[in-house]
Amino acid sequence: MLRRAFEHESEMVRRWRNHPRVRGVSFTDHEIGEAEHRGWWSATVTDDTRRILIYEHDGVPSGVVNLFDHDVRARRAGWGFYLDVDGLGERGELLAAWMRIEGEAIAYAFAELEIGTLRGEVLVRNEAVRTLHRRHGFVEVGTYTRRVAGVEEPVVVMELVR
Ligand SMILES: CC(C)(COP(=O)(O)OP(=O)(O)OC[C@H]1O[C@@H](n2cnc3c(N)ncnc32)[C@H](O)[C@@H]1OP(=O)(O)O)[C@@H](O)C(=O)NCCC(=O)NCCS
């Protein structure tokens, strides 16, 4: 299940985002400090073009879906996700959550935001997520290079049309 994040979940989200495996596939790889996170959180929850959603796996908060750049007129939005790698790993549910979160994010974006096109950007080396996206019908529509941790990294842009 996906639902809007509660205020008291902010630190939990920061902990998940700071996991080395999540940082290792993000565009900004530094450890996010408390103040930086608070600033990002308050700017995000008051921005109509963005939404922080919590993914519950069998009733347990287990991941985050970020929707951003929601353009009502163009009926488009971007998205990203990450999981509670440690918590799901301890419960032996990591793989199952990987399989489920994406389908739920797609369903939510199309139903709740009423968009026509959902866009994701993934590091080219992040083969696991590129494969997952393809399985869900995303098509690779372009590539570009961006600086990640001081290195030029190829990024692929993937889109899913309703
Ligand atoms: C992993 C992923 C979700 C990271 O998403 P993200 O943090 O929103 O993406 P970015 O790192 O580009 O962050 C966007 C901006 O928000 C900021 N930000 C994101 N989370 C933040 C937080 N908790 N606190 C403060 N700033 C934050 C970043 O610093 C960045 O700022 P900038 O634009 O000024 O550089 C995204 O790269 C993705 O979806 N990858 C594919 C899926 C994947 O591999 N998921 C991991 C599976 S475990």
The chain - share of DSSP beta bridges that are antiparallel (%, nearest 5): 90
For the chain, convex hull volume per residue from C-alpha positions, Å³: 114
Stretch gain in nm, segment N18-S42, where the contour uses 0.36 nm per residue and the Cα spacing is subtracted: 6.8 nm
For region 62-80 versus region 89-150, the gap between their alpha-carbon centres in whole angstrom: 12
Proxy reagent accessibility, fewest Cβ within 10 Å first, across D84, D58: D58, D84
Exposure proxy ranking, count of Cβ atoms within 10 Å, fewest first, for R73, R135: R73, R135
Stretch gain in nm, segment E140-H30, where the contour uses 0.36 nm per residue and the Cα spacing is subtracted: 36.9 nm
Rough spin-label spacing in nm, given labels placed 7 Å along Cα→Cβ, for R50 and M1: 2.6
Computed helical MRE - 222 nm, the chain, DSSP H runs ≥ 4 contributing -39500 (n - 2.57), nearest 500: -10500 deg cm²/dmol
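Since every read-out is calculated from the coordinates, none of them should be taken as a lab result. Because the structure is a prediction, the values reported are computed rather than measured. Using ideal geometry, Cβ is built from the backbone for each residue, glycine included, and neighbour counts are taken over all protein chains shown.
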